[in-house]
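The values are calculated or read from the model by the stated rules, or taken from the named source; none is laboratory data. Every value quoted in this text rests on a predicted model; they were computed, and no experiment measured them. We place every Cβ from the backbone using ideal geometry, glycine too, and count neighbours over all the protein chains shown.
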Amino acid sequence: MLGILGGSGMTNLADLANVRRQVVRTPYGEASGALMFGTLRGREIVFLARHGYGHTIPPHAVNYRANIWALASQGVREIVAIASVGGIRSDLAPGTLVVPSQILDYTGGRRSTYFDGADGIVKHIDFTQPYSTELRAKLLRACHAAREPVVDGGVYAAVNGPRLETAAEIARLERDGADMVGMTGMPEAALARESGVAYAALVVVANWAAGRADSNLGVSLADIGAVLDRSMVRVRKALHFVEAQDGGQSGA
């Protein structure tokens, strides 16, 4: 079953049919909201709004462990994460759709693992390829089937937020190899890997990152909403074409 985590600009999935709502209790506290079950072109889908259905939970306060556990507990074996980012690389202008391929993690203070040693056993995961190769390919094919241009690959820098970055911070991220910057990519991807759930992201470039192009002197927050409104229509269109799981491995 496919799970969709909606981010800024996608607090619901209006295209779902036969919708039912279910609150899932987890050992890690409350998820961001009830899970919304339904069908999309005949395929069973579970949707969860990462920031709550009223967009009331800031990125640093999202209970990522509860969200991933809730989805996995209901039989979700693939998670598509929808998110917005700031574009750092020169070709990632506002409105661009991207399927990232790598992550740089700058977050801190988040409950970032299920393997916290409480069971007395040290556990590690391989995270060389943080996104599922198979699910990334499905997202790219879905965008092409929907005739929506998409960029294949790029390095996502995950930061705490909720404030946006300084121009100097973006310059540092670029030197580190980042192509885009967002606030929710970690620990979400790592928790999915720990849970054995395939995970990939389809992100919308909502604005130029600080110090870039028309964000040279400041980021226009007013413009971000308009970009997301237009772009999420395209994302929803692409989601209609995501293929069913083919029985492959859930990891990279």
Between residues in region 131-159 that are free of Cβ contacts under 8 Å to residues at least 60 places away in the same chain and residues that are surrounded by fewer than 20 Cβ atoms within 10 Å (Cβ to Cβ) and among the small types (Gly, Ala, Ser), which pairs lie under 6 Å by C-beta distance while being six or more apart or on different chains?
Gly153/Ser101; Val155/Gly177
Just one of (1) at negative phi; (2) of a type outside the set (A, V, I, L, M, F, W, C); (3) at pLDDT 95 or above trips up Gln245, so point out which.
(3)
Any residue in region 20-35 that is touching a residue at least 60 places away in the same chain (Cβ under 8 Å) sitting within a Cβ distance under 7 Å of a residue that is surrounded by 17 or more Cβ atoms within 10 Å (Cβ to Cβ) and of a type in the set (Lys, Arg)? List the pairs, counting only those 6 or more apart or interchain.
Tyr28/Arg65
Restricting the search to region 36-62, which residues are assigned to a strand (DSSP E or B), farther than 19 Å from Val203 by Cβ and either touching a residue at least 60 places away in the same chain (Cβ under 8 Å) or touching a helix residue (DSSP H, G or I) at 6+ places or on another chain (Cβ under 8 Å) (or both)?
Leu40, Arg43, Val46
Which count do you get for residues in region 1-33 that are in contact with a Lys or Arg (Cβ under 9 Å, 6 or more places away or on another chain), more than 17 Å from Ala244 (Cβ to Cβ) and surrounded by fewer than 16 Cβ atoms within 10 Å (Cβ to Cβ)?
3
Taking region 155-187, which residues are touching a helix residue (DSSP H, G or I) at 6+ places or on another chain (Cβ under 8 Å), within 15 Å of Pro130 (Cα to Cα) and surrounded by fewer than 24 Cβ atoms within 10 Å (Cβ to Cβ)?
Pro187
Output the residue which, of all residues in region 188-211 that are in contact with a strand residue (DSSP E or B) (Cβ under 7 Å, 6 or more places away or on another chain) and assigned to a loop (DSSP other than H, G, I, E, B), is surrounded by the fewest Cβ atoms within 10 Å (Cβ to Cβ).
Val197
Residues of region 92-125 being surrounded by 11 or more Cβ atoms within 10 Å (Cβ to Cβ) and of a type in the set (D, E, K, R), which ones?
Asp105, Arg110, Arg111, Lys123
Count of region 160-185 residues which are touching a strand residue (DSSP E or B) at 6+ places or on another chain (Cβ under 9 Å) and either at pLDDT below 95 or assigned to a loop (DSSP other than H, G, I, E, B) (or both):
9
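A quick yes/no check of all residues on (1) more than 26 Å from Gly109 (Cβ to Cβ); (2) under 18 Å from the mean Cα position of the chain (by Cα):
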residue	(1), (2)
Arg136	yes, yes
Ala145	yes, no
Arg175	no, no
Ala178	no, yes
Met183	no, yes
Ala189	no, yes
Ala206	no, yes
Gly218	yes, no
Leu228	yes, yes
Do you know which residues across region 145-159 are within 10 Å of Ser101 (Cα to Cα) and part of a strand (DSSP E or B)?
Asp152, Val155, Tyr156
From Gly38, Gly75, grab the single residue that is surrounded by fewer than 15 Cβ atoms within 10 Å (Cβ to Cβ) and over 26 Å from Gly154 (Cα atoms).
Gly75
Name the one entry in Ala93, Ala83 that is within 24 Å of Gly225 (Cα to Cα) and within 14 Å of the chain's Cα centre (by Cα).
Ala83
